[in-house]
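Scroll down for the structure; my scribbles are underneath it.
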Amino acid sequence: MSGDTPLSNADRGNLSRASTEALVELQVDGRQRPRLTTAALRPLLASKFAIVGASGLVVNQTLLWAAVAVGGVNYVVGAVLATQGSTTWNFLLLDRLVFPGRTGGSRPVRYLAFSGVNNLTLLLRVPLLALLVSVLHVHYLASNAITLVMLFATRFAVSDRLIWKAPTAAGTQPAPAGPVPARAPEPRTPAHRYDVAGIVAIESEVVLRELAAFATPALGRPADISIRVGGVGNGLRRRPLVTHGPTFVAYEEHLGRTAANFRLDFGDRIDVTVGPLLARSPHVVYTNVVEALLRFVLVSRDHILLHSATIQLDDRGVMLTARTDTGKTGTILRLLRDHEGAFLSDDMTIVAPGGLALSYPKPLTISSHTLAAVDLHVLSTAEQLKLAVQSRVHSRSGRSIGSRLGRLNLPIMALNAVAQSLIPPPKYMVERLLPCRFARSTTVSHLFVIERGPAALEQLDREQAVEIMIANTDDAYGFPPFRYFAPAISIDGHDYQALRERERTLLARFLRDVRVRRLACDDFSWASAIPRLVGDDDEGLAPQWST
């Protein structure tokens, strides 16, 4: 471009800012420069990001070595400590050298978001680090480097698109400030529709794989729940904000309207608006937002969504309930395998007064020990290797870490969405794991509360059973956002407390003719005891624990 006027320092600053915009034209001395796009300049940004990341890798490795070799701490603890130091190092260089023109929001907010993402990746890195060191016997420094390099693309994408998000193009006005978060801009026709047991109709722009069994090309009635993707909120924040209105509740986090915010509007139907980042993790949308709403819509229709598994054994409806990670899924698979039972559900069951249970065939979340109940070869070698990492991340301990992080000032929904996108939960439909029959409904005659501990069999009265079933169902909604938006739930004129009381009443009526027993063992042998107990009318008979 010979003959062009050289760029001044100010013009170079403009050029740096232009590299962060989706499409912009620069004018220097009255002449228009070529148009620049983010796509064209992203490789340069990625290269700069990689150089800073390489320097941060040296810092991280040095701190890890010092913690382990000099300080004598465990390599996992050392990795957590090293991450704090390298996070600060990387942030300072990225903020000054890689994204200098992207100064939206304050530096503390950017640092908090960057630190939160890096600490959330520990939920992914630590299990992988343990796998490499303890199982594959790779040196802890080499293993640490591998885990850091593997997550490079994710850290760059989150940094580029969210933390140091490009400013709006020239001429575009920012979203107006205000206390009420914005709703989705324009109505669109949702691509996915679900008719849940003929009771609740859902339309969604986000695919809900957990409801695949209820997918339908068209709904025969207006949707009860509508899910759309759109911006919620007004920009970056220093801490999460929950806004309650007469007919809505909105949840906003640190990273802005395009991240993992969501809004619920309660009217003739429930309108759910989820941020674009949250929409990229459909499992989080369903588990942390939709299922909780579905639970109380069902209550308003005189049905309950119970945290339980249900099968038919010799035409008798048998239900199991337990706290998460007890062994319920493995028990169900063994019962289906050994006794040719019919499958209704593993994680949640729709029930109604009179003992009626309706099929709710979500994919099963499995773990390494679950595979003992099925033929190991149903999963490929690659799937088995993935499962070793997935089961650690999505175990009770992994979720408890997420819950603890949720109590801190972190963008927990955004972090959860990124984590679940990178390492999705190990979910498989039951027919993928073993051949079995299916049943649409059954009348439950036996309910077993299974627990780990010394062998015990105890008859429970209806009041005890109600308390246990409610507690186990609440346990499934322990992740932070539920407690923020639950008080605002209002369906058909009934508020949250009224719906919970209604749920308890319906559950007592459901259990009226169900025999409920607590069954404890310390060797996962519930599947051996349950068939004998189902056919036995002698309440005083002690269980036999032979396998």
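Pick from LEU136, LEU132, LEU141: which is closer than 21 Å to ALA50 by Cβ and surrounded by fewer than 22 Cβ atoms within 10 Å (Cβ to Cβ)? Answer to the check: LEU141.
The C-beta contact set for the stretch 202-225 (first residue among the basic types (Lys, Arg), second residue part of a loop (DSSP other than H, G, I, E, B), distance under 9 angstrom, 6+ apart or interchain) comprises ARG209/LYS362; ARG209/PRO363.
Within the stretch 283-309, the residues that satisfy the criterion of being over 29 Å from ARG509 (Cβ atoms) and buried (at least 24 other Cβ atoms within 10 Å of the Cβ) are VAL284, VAL285, ASN288. When the residues of the stretch 355-374 are filtered to those that are among the polar types (S, T, N, Q) and assigned to a loop (DSSP other than H, G, I, E, B), the one that is farthest from VAL200 (Cα to Cα) is SER367. Here is the figure for the stretch 449-487: residues that are within 25 Å of the chain's Cα centre (by Cα) and of a type outside the set (Lys, Arg) total 19.
Condition check ((1) of a type in the set (D, E, K, R); (2) under 30 Å from SER345 (Cβ atoms)) across all residues:
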residue: PHE214; (1), (2): no, yes
residue: ALA223; (1), (2): no, yes
residue: ARG239; (1), (2): yes, no
residue: GLY245; (1), (2): no, no
residue: GLU252; (1), (2): yes, no
residue: VAL299; (1), (2): no, yes
residue: ILE304; (1), (2): no, yes
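Checking the stretch 153-161 against the condition returns a match, with at least one residue being in a helix (DSSP H, G or I), open to solvent by less than 10 Å² (accessible area, probe 1.4 Å) and at negative phi. Of all residues in the stretch 325-354, those that are open to solvent by less than 40 Å² (accessible area, probe 1.4 Å), part of a helix (DSSP H, G or I) and over 15 Å from ALA476 (Cα atoms) total 6. Every condition in (1) modelled with pLDDT of 90 or more; (2) on the phi < 0 side of the Ramachandran plot; (3) out of contact with any helix residue (DSSP H, G or I) (no Cβ under 7 Å at 6 or more places or on another chain) is met by GLY198 except one, and the failing one is (2).
Residues of the stretch 162-194 that are within 24 Å of the chain's Cα centre (by Cα), open to solvent by 70 Å² or more (accessible area, probe 1.4 Å) and at pLDDT below 80: LYS165, ARG183.
Going by the conditions given, is ARG399 among the basic types (Lys, Arg) and either modelled with pLDDT under 75 or in a loop (DSSP other than H, G, I, E, B) (or both)? For ARG399, the condition - among the basic types (Lys, Arg) and either modelled with pLDDT under 75 or in a loop (DSSP other than H, G, I, E, B) (or both) - is met. Within the span defined as the stretch 422-436, every residue fails to be under 23 Å from GLU503 (Cα atoms) and outside any helix (DSSP H, G or I). Kindly evaluate LEU63 against the criterion of being open to solvent by 30 Å² or more (accessible area, probe 1.4 Å), assigned to a helix (DSSP H, G or I) and modelled with pLDDT of 90 or more. Yes, satisfied.
For LEU97, the criteria (1) open to solvent by 40 Å² or more (accessible area, probe 1.4 Å); (2) under 16 Å from PHE156 (Cα atoms); (3) not in a helix (DSSP H, G or I) hold in every case but one, which is (3). Within the stretch 408-445, the set of residues being open to solvent by less than 20 Å² (accessible area, probe 1.4 Å) and among the β-branched types (Val, Ile, Thr) comprises ILE412, VAL430, THR442, VAL444.
The values are calculated or read from the model by the stated rules, or taken from the named source; none is laboratory data. Being a predicted model, the structure only gives us computed values, none of them experimental. Methodologically, a virtual Cβ is constructed for each residue, glycine included, from the backbone with ideal geometry; neighbour enumeration extends over all protein chains shown. Each accessible area value is taken on the protein alone, full model and side chains, heavy atoms only, with ligands, DNA and RNA left out. Shrake-Rupley method; radii C 1.70, N 1.55, O 1.52, S 1.80 Å.
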